[in-house]
Amino acid sequence: MRIEIDHSLTFSLPPDTAQLVMHLLLTPASGPSQTVESWSIEAAGIGNAGRFRDGYGNAAHLVNQTRPDGEMRLVARGVVRTTDTNGVLGRKLPDEPVPTLYKRVTALTRAPVTLYGKFRSAKDNRLDVLHGLMARVGETLGLAEEAEPATQMQATGEQTQRQSAEPDSDLPPTIDYVHLFIGGARALDIPARFVCGYLAPGDGMAGGLHAWAEAYDDKLGWIGFDAQNQVCPTERYVRLAVGLDAESALPLRTVPIGEIVQEAVVKPA
Amino acid sequence: MGEKTPFDEMYNPDGSVREPYRALAEWLAEQPDKGLALMQTDAEAIFRKLGITFAVYGSDEGNEKVIPFDVIPRIIAANEWRRLSKGIEQRVKALNAFLYDIYHRQEILKAGRVPEKLILNNEAFCPQMMGLEPAKGVYAHIIGVDIVRVGPDEFYVLEDNLRTPSGVSYMLEDREAMMLLAPDLFHRSKVAPVEIYPENLRRTLESVAPDSARGAPNIAVLTPGIYNSAYFEHSFLADQMGAQLCEGPDLFVDGGKVYMRTTCGPEQVDVIYRRIDDDYLDPLTFRPDSMLGVPGLFDAYRAGNVTLVNAPGTGIADDKAVYTYVPDIIEFYLGEKALLSNVPTYNCTDEDQRAWVLENIADLVVKEVHGSGGYGMMVGPTSTKAMHAEFRKKIEARPDNYIVQPTLNLSTCPTHISGDVAPRHVDLRPYVLVGDEVRITPGGLTRVALKKGSLVVNSSQGGGTKDTWVLED
């Protein structure tokens with residue numbers, strides 16, 4: 001499937017900001033499940049950006065601006081061709097850290113023993129355990145009715161990022177499902193990471209910015225799990241950035257900090 | 001260890017003088033009455049004039065103090081030093097290899113030689129460092145190794161300081177003061193120079209400049225500012241090396257590079273000897289509330305445009321819980337036995353060991369895993385019963401937060417105490433520089449516990465310093 005993405009981020013700067021420094025994770029990489037056909041980032045200062053790989057293997061930009069205007073707007077857009085791999089990405093890719101890194105428990109990825117306890121003594125293979133864990137996260141946090149939008153994304157911590165139009169729902173935000181799944185997997189000694197990306201609408205899911213988890217199996221390598229939608233990623237999923245949790249995979253971090261409003265229009269090309 | 005008389009570095013048990021101290025003993029015998037006391041007064045004046053002060057946190061009587069200096073030098077024989085420096089070099093090489101491995105393939109964890117959880121879930125482990133290739137493969141460029149002596153041939157490493165070890169300015173100033181106070185003493189012995197340290201520091205820093213640096217690398221010393229207890233040292237070292245002393249706001253990133261604001265416009269910086277802790281280095285990557293750091297600095301480092309000295313995340317190698325594995329770390333990477341011993345350390349998370357520790361706490365030393373500077377520790381034999389009870393409770397509540405060691409009977413050196421000479425316990429912190437090569441300054445900083453019988457040498461806890469001599473053959 002060819003997917004067209006138009007991701008905009010707007011950021012209101014505190015008055016009299018002398019220096020704005022931004023850390024961008026806004027460049028998707030080609031891999032087993034996707035090929036980036038075209039991609040560009042529009043932002044003041046992007047031409048002069050420092051480019052590097054972060055500790056998780058993401059392509060990152062360091063952008064700075066002196067005396068920026070009151071409102072900052074960035075747009076990342078492009079076309080990505082995807083294939084359905086049943087969520088399987090395979091073994092470690094060249095720029096990625098060793099999978100064991102993702103056993104590190106962070107403040108955002110703590111899971112209660114009631115979540116994962118029953119899998120501790122399970123004789124099932126790892127794949128069955130992970131599917132069981134995904135179902136358990138869904139039971140614990142609740143699942144949307146068919147076609148309920150799955151586009152909300154909110155990071156806790158110092159910086160909040162959210163979409164302009166929040167869906168009307170009593171269910172927890174997407175990242176809670178991801179963090180709970182990751183916490184459970186890590187407690188079971190299984191490496192698991194946070195994925196920030198895009199979802200093309202269809203199959204009863206609304207499109208837009210999205211987040212899910214990936215867990216590591218020694219035989220199959222990294223496999224995606226979307227506990228909120230109870231599926232392994234399909235060809236509708238585009239991976240953007242990975243990290244230990246939502247905070248380390250944020251598409252945009254800034255100094256000074258402030259509220260970032262994001263909107264992603266995702267549709268089949 | 002226990003009750004027996006500590007090893008005296010100057011006198012043999014029969015009262016004769018040990019060889020390295022012979023010249024000093026003669027000199028001491030020649031000093032007139034009150035000679036040492038006068039010298040002590042002069043020393044005080046010299047240090048005030050040099051402006052060497054340190055800040056004691058949580059003390060009311062003035063912020064700045066002159067660290068007590070003892071006018072009798074501590075002496076290490078040439079052959080003793082050769083052995084020590086070989087052991088130190090082995091240690092710093094292995095610890096840098098360990099850091100490279102931990103931030104790349106983690107072979108030592110796969111091999112099960114160091115527990116995975118101890119590293120991965122450690123606060124001192126810095127996931128942002130994964131996959132980074134530091135210049136020359138070096139993470140910890142400036143290291144202070146704390147060593148104690150308990151016998152003629154018995155040395156132990158107490159801890160490795162791989163974050164931002166301080167105190168080197170005292171080593172340099174103690175020597176300067178000693179040469180002013182007793183120039184004649186230097187004619188009687190061949191003492192290895194320490195004055196070369198700032199030059200070696202500069203060479204080390206230049207050798208780890210990024211490949212992109214053109215011409216002579218531009219070096220900056222980054223300090224948290226005048227309220228830091230070691231501010232004097234930061235400005236002293238910058239001055240001695242001919243480098244710029246900067247605070248966070250003096251630096252900024254532009255186009256992925258780091259610049260210094262100067263009166264002649266921005267100047268690119270290639271190497272930063274930073275004396276700011278990891279957490280406060282860059283609010284964009286680490287603590288967002290840090291006012292001391294430089295936003296974007298870490299990203300510029302990852303982009304390969306600047307070198308940070310020491311690298312962030314080196315603390316994982318001097319974590320007190322990781323310390324117990326250093327002999328294994330040396331064997332794993334170098335295939336050699338450790339030349340310097342670790343102090344035997346009890347693991348309180350082990351039930352049997354914990355029970356034994358709680359029983360014998362009055363004879364043991366308890367240290368907080370993340371503590372430093374003598375804060376949060378208890379020396380059993382010199383503590384009250386109430387303190388013993390308090391630390392028993394602390395260990396029971398959080399066994400993983402403490403390491404416990406036997407009380408080492410630290411060696412003593414003759415020390416000037418109000419007109420008299422008396423033995424006092426000492427330790428030793430040699431300073432090591434790692435860049436294109438390993439450079440160890442002969443000697444280091446000797447800290448002395450001025451209170452009779454005290455084993456705590458930290459300056460924040462009433463310790464002083466001595467000039468440390470390594471004799472040349």
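Values in this text are rule-based calculations from the coordinates and carry no lab data. Every value quoted in this text rests on a predicted model; they were computed, and no experiment measured them. Don't worry about glycine lacking a Cβ; one is built from the backbone with ideal geometry, like all the others, and counts go over all protein chains shown.
The lysines whose alpha-carbon is closer than 26 Å to the alpha-carbon of residue B:4, local same-chain residues fewer than 8 away aside, are B:367, B:385, B:451, B:452, B:466. Looking at segment A:109-148, the GluC sites (Glu not before Pro) that sit in a DSSP loop and have at most 15 other Cβ atoms within 10 Å of their own Cβ are A:145, A:146. Modelled label positions at residue A:259 and residue A:91, each set 7 Å beyond Cα in the direction of Cβ, lie 4.8 nm from each other.
Between residue B:31 and residue B:368, the distance separating the two model label sites (each 7 Å from Cα on the Cα→Cβ line) works out to 3.8 nm.
Mind pulling the per residue volume of the convex hull built on the Cα atoms of segment B:211-305? Å³ is fine. List each step's numbers first, then the result.
On the way: hull volume 9.5 nm³, N = 95.
Cα-based convex hull of segment B:211-305, divided per residue, equals 100 Å³.
Centre-to-centre separation between the Cα atoms of segment A:216-269 and those of segment A:33-59: 15 Å.
Can you divide the C-alpha Rg of the protein assembly as shown by 2.2 N^0.38 Å and report the result to two decimal places? Before the final figure, lay out each step's value.
Numbers: Rg = 29.1 Å, N = 742, 2.2 N^0.38 = 27.1 Å.
With N residues counted in the protein assembly as shown, Rg over 2.2 N^0.38 Å equals 1.07.
Can you list the chymotrypsin sites (Phe, Trp or Tyr not before Pro) in segment B:164-258 that are in a DSSP coil and have 14 or fewer other beta carbons within 10 angstrom? Let's see the in-between values first.
Details: sites: B:170, B:186, B:227, B:231, B:232, B:236, B:252; in loops: B:227.
The qualifying sites are B:227.
Under the convention that each Lys and Arg Cβ holds +1 and each Asp and Glu Cβ holds -1, the size of the dipole of segment B:344-406 around its Cα centre is about 260 debye. Remark: B:126, B:264, A:232 ranked as B:264, A:232, B:126, counting other beta-carbon atoms within 10 Å and listing the fewest first. Note on segment B:197-214 and segment B:218-251: Cα centroid distance 16 Å, given to the nearest whole angstrom. Its alpha carbons give chain B an Rg and a Dmax of 22.5, 70 Å. Where does the charge balance sit around residue B:383 when Lys and Arg score +1, Asp and Glu -1, over other residues with C-beta under 12 Å from its C-beta? Here the charged neighbours net out to 0. What does the convex hull of the alpha-carbon atoms of chain A project to on average, in nm²? Across all orientations, chain A yields a mean hull projection of 13.5 nm². Positive end of the dipole of the protein assembly as shown (Cβ unit charges, origin at the Cα centre): among B:317, A:242, B:291, the Cα lying farthest that way belongs to B:317. Our summary gives chain A a relative contact order of 29 percent, counting only alpha carbon pairs under 8 angstrom and 6 or more residues apart. Based on Cα contacts under 8 Å between residues 6+ apart, segment A:51-150 shows a relative contact order of 20 percent.
Neighbour counts of other Cβ atoms within 10 Å put B:246, B:348 in the fewest-to-most order B:246, B:348. Its relative contact order, with pairs defined as Cα atoms under 8 Å and 6+ residues apart, puts segment B:211-305 at 30 percent.
Segment B:387-418 and segment A:183-205 have Cα centres spaced 47 Å apart. Restricting segment B:234-277 to trypsin sites (Lys or Arg not before Pro) that sit in a DSSP loop and have at most 16 other Cβ atoms within 10 Å of their own Cβ leaves B:261.
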